[in-house]
Amino acid sequence: MFAWPDGEAGRWARLVREATAADPDWTAAFLGWLRAATPMRYPALTGAAAFVRERLDRGLAGMSRQVVGSVLRHPHDPGLLLGHWLEAHGKPLPKPVKRGVADAVARLYDERALAACDTGGRHLSIPPFLRRTLTVHGGIRAPRPLRFGEVISLVRPRPRDAAQAEVFRLALRRRSPAVPARSWRQEAGALHRRPRADDWERLVPRMPLPDLLDGLRRFDAAGISFDTAMEIAERLADPAEVRASGLLPLRFAAARDAVADRRWAPLLERSATVNLDVVAKIPGRTLIVAGNRTAADAVFALALAHRCESADVVSSSTGERLPAVRGESPLHGRLRWPAAGLTGGDRGSAREHIVRAYAGKDRVVMVDADQTLRGRFPGHESPVYEWSSEYYPHPDAPRPGRVHFRGLSDAALGAVPLIEDARRGRWPFGAPGAAARTG
């Protein structure tokens, strides 16, 4: 995921430290789940650092090495975690951090990882709803991650075999700028001009699926060949590759809105549904009140409805219900929104329709809905979840029975069942067992 502004990052670290002091077994299980089962890589890494810091400050041995190892799951992760630790706490590195990172390096660093990941880049994706924050609210920052060689020199891992020992030697030599790593992005940047069709045709086979999806507009603008376009289409249409990528509907919706050539639309609509079944199901009866100001509004609402046991999707502006179509892609469903007469309308009658639709529902989800609907739902026995497509750095005061999220992202599709399970004392990582006490 992304790094976030300092005030919120500090609050996250404090919460993790408080949880570590109160229940280290639960916190250890939570951090491992956060890294493995969600896209929130950076919170998991900084959370592990906060866990270790709390244990060290309390003079408690054990667990820290295992927690560090549990969140390091990708070759980028050791450098990101150490970059954060050195900026937050400086040197020397404590033994649990060194040992946990060394364990992960022996597990993760190989020839392929060295070629693809030893770039010194942050590799932290920025959701669209946060891009405005980058320029308007002072930016979002993360410490520079360490290169493979810097990590190896600090933690001195033991290579598992001769091949990995050679990878370590090469990574140590690469610390010099004279031996740069070359990702596809760096090769494109080294051109010092806008890539042409022949450049993209050379780079496309090396690009991961999310980068291909984000690059469709540039490929069309450059005029790539039919054969290269078909190669991209085959990969985007391959359910196995889409499933492995973890891509969910909002990424496909953003790509479809970015491209001028409609040839991609049917393909993107089909592929957007591939990973929906991995999103947790929402039990009971749900009322979804959605705006249609952006593509993300309607696509998020319709994707959420796919995961509800029973859902009514109504327009925020008219109060009218959008009829469900079984198996329909959320991207295609969004196109039916204006065709069904769900735009415009009188606000007063819309509110009346929506309040009537609330009867008998277990929860209400509001997605960029009319602000005048706030407080219109009687009682607090049924929770209200509200999403705004924009991120605002100064949150409203919390109110009973309501949860307000700022920013729409694919990761948020699974939030409702997680919150409701947590209120019942059920956690997605199960009841933590006794953690290992060595390290």
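Observations on the structure shown:
- When residue 59 is tested against (1) within 16 Å of residue 144 (Cβ to Cβ); (2) part of a loop (DSSP other than H, G, I, E, B); (3) of a type in the set (Gly, Ala, Ser), just one condition goes unmet, and that condition is (1).
- Taking the listed residues 282, 288, the one that is touching a Pro at 6+ places or on another chain (Cβ under 7 Å), surrounded by 15 or more Cβ atoms within 10 Å (Cβ to Cβ) and farther than 29 Å from residue 117 by Cβ is 282, with no other qualifying.
- The residues on offer are 296, 303, and the sole one that is at pLDDT 90 or above, within 18 Å of residue 328 (Cα to Cα), assigned by TED's automatic domain parsing to the domain that holds residue 333 and within 18 Å of the chain's Cα centre (by Cα) is 303.
- First in the range 254-268 and within 16 Å of residue 234 (Cα to Cα) and of a type in the set (D, E, K, R), second anywhere and modelled with pLDDT under 90 and part of a loop (DSSP other than H, G, I, E, B), Cβ under 7 Å, 6 or more apart: none
- Pick from the range 35-50, criterion farther than 15 Å from residue 9 by Cβ and touching a helix residue (DSSP H, G or I) at 6+ places or on another chain (Cβ under 7 Å), ranking: modelled with the lowest pLDDT: 39
- Which numbered condition residue 348 misses (of (1) in contact with a helix residue (DSSP H, G or I) (Cβ under 7 Å, 6 or more places away or on another chain); (2) modelled with pLDDT under 75): (1)
- Residues located in the range 55-93, provided they are touching a residue at least 60 places away in the same chain (Cβ under 8 Å), surrounded by fewer than 16 Cβ atoms within 10 Å (Cβ to Cβ) and on the phi > 0 side of the Ramachandran plot: 62
- One residue stands out among those in the range 188-238 that are among the hydrophobic types (A, V, I, L, M, F, W, C), under 17 Å from residue 267 (Cβ atoms) and not in a helix (DSSP H, G or I): the one that is farthest from the chain's Cα centre (by Cα), which is 224.
- Some residue of the range 16-36 being among the polar types (S, T, N, Q), crowded, with 16+ Cβ neighbours inside 10 Å and in a helix (DSSP H, G or I): yes
- Every condition in (1) assigned by TED's automatic domain parsing to the domain that holds residue 105; (2) at pLDDT below 95; (3) part of a loop (DSSP other than H, G, I, E, B) is met by residue 178 except one, and the failing one is (1).
- Sole residue being modelled with pLDDT under 95, surrounded by fewer than 17 Cβ atoms within 10 Å (Cβ to Cβ) and of a type in the set (Ser, Thr, Tyr), chosen from 225, 183: 225
The values are calculated or read from the model by the stated rules, or taken from the named source; none is laboratory data. This is a predicted model, so every value here is computed, not measured. Neighbour counts run over all protein chains shown; Cβ positions are idealised from the backbone, glycine included.
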